[in-house]
Structures are given as structure tokens and as C-alpha cells.
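The values are calculated or read from the model by the stated rules, or taken from the named source; none is laboratory data. Bear in mind the structure is a predicted one, so any value in this text is a computation, not a measurement. Neighbour counts are summed over all protein chains in view; Cβ atoms, including those assigned to glycine, are modelled from backbone coordinates with ideal geometry. For the accessible areas, the whole protein counts, side chains as well, though only heavy atoms, and no ligand, DNA or RNA atoms are used. Shrake-Rupley method; radii C 1.70, N 1.55, O 1.52, S 1.80 Å.
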Amino acid sequence: MFTRHESFSQYVRNYPVISTIILLQILLFIINFIPMIPHKFILQYLSGVNIYIANGEYWRLITPIFVHRDFTHLFFNSFSLLIFGPFLETTLEKKLFSLFYLGCGLMANIATYLFLPLTYGHVGASGAIFGLFGIYLALIVLKKIEVAKSTQIIIPLIAIAFIMTFLESNVNIIAHIFGLLSGFLFSLVYFLLKKK
């Protein structure tokens, strides 16, 4: 499920949504190092800063999903999407996967705005990534994927990621929790309605 055997070109062709998201994240990160562009331009105008959102800059509820503060941050979020995304892009298909990914990231950022101080600022795809974990949990609950294999692989990975949320510094705990909940609830409702 999480082992990749495709070549680069096959991966891009098979998973266009994931490939596009990762490319966008990389491009936005590289822009910070182009000499003609003011330093930290992307972080200034696209990061989620609660006080700016309160003043009407609502794009900051979506744009932080694609912006990362340093290479390590970018690498781990992109790698997580690269590994955990393909099964879901295939299962949900491109449009629904895109909606769920953005929806989970949006809900994580709305929760960040509602529950954290106005001075709080944030970037990163982790709310959306945790949304993917929530989708996996819903698929397990609904028995849409093989439960025995899933409990051996997915549940321990999600548990470790969730525990690390509380152990690492500079982590948006609210985004992780609400991303996970959003992914779980969105997919649970979708699949239950689809049965009718």
C-alpha cells in the first residue's frame, strides 16, 4: 500500500494531484531564494497569521497549506504526501481527493484561527496530511480497506504521528487534531451517503 515501485514519470502520470501539490510546495519554497524577490516574500504574504485573517485576508486560510518554513519542514510534509497520498488519490479519484485534501487543510487552519491567539502565525501542509490519516481511519472503520493489514501498518503510523505532535516543539497541535478529525468525518459522511 505504501511501497512505491513506479519510476518518476509513472508516479507523476498515476498521481497528478499529489505531484502538482508537491511541485507547488517546492516552487513556493524556491521563490524565497530568488535574488530579485524580497526576502521571505512568500512567508510574509501567504502564511497564516491570525490577526491578518481577522482583518479580512481570508486567503491565508488556504495558502499556508502549500508554504513551508525550511527545507526539513518541506521535505517531511512532501514525503508524507508522496507515501500516504497515492492509495487515497486512486481510491477517492482526483477531484474528491483534491477536495478532501484542501478541505482538511482549510478546517485545520480555521480551527487554528478560532482557538489560537491573534498573534499566532503558521505554515505547512501537516493539517492536510493529518486529514489523510483521518481518511484512512474512516476507511478502516467502514471496512473499505483490509482491516488486518491496515491495523498492522496504518494505525501504528497514525498513533506515532499523533504522539509526536505533543512531543515536538513548534508544532501546530490544533491543526493536527482538526485535520485528523476533518478527514475522518468528511470521508465517513461521504461513504455513508454514497451507500444510500
- Most positive-pole-ward Cα, Ser9, Phe29, Ile174, against dipole of the chain from beta carbon charges: Ser9
- In region 57-144, GluC sites (Glu not before Pro) in a DSSP loop with at most 12 other beta-carbon atoms within 10 Å: Glu93
- Just from its helices, what would the mean residue ellipticity at 222 nm be for the chain, if runs of 4 or more DSSP H residues each count -39500 (n - 2.57) and the sum is divided by every residue, rounded to the nearest 500 deg cm²/dmol? -23000 deg cm²/dmol
- Task: Could you check which residue among Pro64, Pro35, Pro86 shows the biggest mean-square fluctuation in a GNM of the chain with a 10 Å Cα cutoff?
- Result: Pro35
- Note on the structure: Residue by residue through region 166-181, the couplings from Karplus 6.51 cos²θ - 1.76 cosθ + 1.60 with θ = phi - 60°, in Hz, x for Gly and Pro, are 8, 9, 7, 8, 6, 10, 7, 4, 4, 4, 5, 5, 6, x, 4, 4
- Item | Neighbourhood charge, 15 Å Cβ-Cβ cut-off, centred on Arg4 and excluding it, Lys, Arg +1 and Asp, Glu -1 | -1
- Provide the descending list of Cα extents for the chain along its principal axes, expressed in whole angstroms. 50, 39, 34
- Item | Shape call, region 115-196: gyration tensor on alpha carbons, a/c limit 1.5 | oblate
- Query: Roughly how many debye, to the nearest 20, is the charge dipole of the chain about its Cα centre, given +1 on each Lys and Arg Cβ, -1 on each Asp and Glu Cβ, and no other charges?
  - Reply: 540 debye
- May I ask you to give the solvent-accessible area per residue for the chain, in square angstrom, as obtained with a 1.4 angstrom probe? 55 Å²
- Message: Could you tell me how far the Cα centroid of region 110-189 sits from the Cα centroid of region 1-56, in Å?
- Response: 20 Å
